[in-house]
């Protein structure tokens, strides 16, 4: 029992350290006091070493596993202060006559978060990593302006819009057939896309999307006829998402079900008969697979590139004698917005 009584405080201490958040301050005056304030409470203090560096740890309130915070810094003589204020909470006003610098971005603080705050320049730089800080961050950060400082890839609700292309592999064979003496078909067209995704964690999510390629077109002629054709296609996609997030970057794969609606319109002129307009519609379910890459420039906005294969299969609508069996190769770039966690 005595051993257990001795070990219990040690276990509690180690558990609290394992879940502690870390703030590393660099380029403070040697021997300067350094404070960390969370909301309106000072939660850690230290003294900068001879290199101007101080490492401070603190723990989030017990009811929180993570928090969205705004960051501010203060210079008060030799004292350096880092203020972390939860979104929606009014932080303390600037301390007179301290030099207060506020950062508009929102940072996600988790159990393993490390902040590195560099006081070299009049406006300090703030870096965040979900895990230990890279050794390069603890060097002369103030001398480099090209280093990326990206917020982590978020979970929650994301909406996206993009533009790219969709290439239809079977369009030429479908529309030109074997009875034409000349036929020109355009199966690669601009494509617009939109989606809404919900990431349950930074690595697992679901998505509903919409794809609208520009109309495919063709024109041709045979021994006694000419024709022009267009195909309008709309595609809905329901996907499962699996990704890997590293800092502000996330690589992901997707796969799931596809539902299409397409209308093929043909205007044909036959020398012995005259002109006629034909229309057939198809609809049906199939599959899609692909993946992409996103880079989060701000906590609420990212750029992305993705692509994949979209299989379209279906039969005629309303008893029409028509079949769709098409494969689209799709690629697009766009903007992604983080609405809420």
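Table for the structure above
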| item | result |
| --- | --- |
| Any hit, segment 236-255, residues being more than 17 Å from residue 332 (Cα to Cα), touching a helix residue (DSSP H, G or I) at 6+ places or on another chain (Cβ under 8 Å) and at pLDDT 90 or above | no |
| Lone unmet requirement of (1) touching a strand residue (DSSP E or B) at 6+ places or on another chain (Cβ under 6 Å); (2) surrounded by 14 or more Cβ atoms within 10 Å (Cβ to Cβ); (3) closer than 22 Å to residue 134 by Cα for residue 74 | (3) |
| Total residues in segment 314-341, condition part of a strand (DSSP E or B) and touching a residue at least 40 places away in the same chain (Cβ under 8 Å) | 19 |
| Test set (1) farther than 20 Å from residue 231 by Cβ; (2) modelled with pLDDT under 90; (3) exposed (fewer than 15 other Cβ atoms within 10 Å of the Cβ) - residue 319 fails condition number | (1) |
| Selection within segment 78-97 - modelled with pLDDT under 90 and more than 22 Å from the chain's Cα centre (by Cα) | 88, 89, 90, 91, 92, 93, 94, 95, 96, 97 |
| The one condition in (1) surrounded by fewer than 18 Cβ atoms within 10 Å (Cβ to Cβ); (2) touching a strand residue (DSSP E or B) at 6+ places or on another chain (Cβ under 6 Å); (3) within 25 Å of residue 323 (Cα to Cα) that residue 222 fails to fulfil | (2) |
| Meets criteria (in contact with a strand residue (DSSP E or B) (Cβ under 6 Å, 6 or more places away or on another chain) and either outside the structural domain of residue 108 (by TED's automatic domain parsing) or surrounded by 16 or more Cβ atoms within 10 Å (Cβ to Cβ) (or both)) for residue 325 | yes |
| Conditions (1) more than 41 Å from the chain's Cα centre (by Cα); (2) in contact (Cβ under 8 Å) with a residue 12 or more places away in the chain; number of the one not met by residue 232 | (1) |
| Residue 114 crowded, with 18+ Cβ neighbours inside 10 Å and modelled with pLDDT of 85 or more | yes |
| Some residue of segment 52-62 being buried (at least 21 other Cβ atoms within 10 Å of the Cβ), farther than 19 Å from residue 299 by Cα and at pLDDT 90 or above | yes |
| Residue count, segment 27-45 (criterion: surrounded by fewer than 18 Cβ atoms within 10 Å (Cβ to Cβ) and on the phi < 0 side of the Ramachandran plot) | 7 |
| Segment 239-262: number of residues that are surrounded by 16 or more Cβ atoms within 10 Å (Cβ to Cβ) and either out of contact with any strand residue (DSSP E or B) (no Cβ under 7 Å at 6 or more places or on another chain) or within 23 Å of residue 216 (Cα to Cα) (or both) | 5 |
| Residues of segment 85-94 satisfying the condition of being surrounded by 10 or more Cβ atoms within 10 Å (Cβ to Cβ) and either under 16 Å from residue 38 (Cβ atoms) or without any contact (Cβ under 8 Å) to a residue 12 or more places away in the chain (or both) | 85, 86, 87, 89, 91, 92 |
| Some residue of segment 270-291 being part of a strand (DSSP E or B), modelled with pLDDT of 90 or more and in contact with a helix residue (DSSP H, G or I) (Cβ under 6 Å, 6 or more places away or on another chain) | yes |
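The values are calculated or read from the model by the stated rules, or taken from the named source; none is laboratory data. Keep in mind the model is a prediction, meaning the values are calculated, not measured. Glycine gets a Cβ as well: all are built from the backbone with ideal geometry, and neighbour counts include every protein chain shown.
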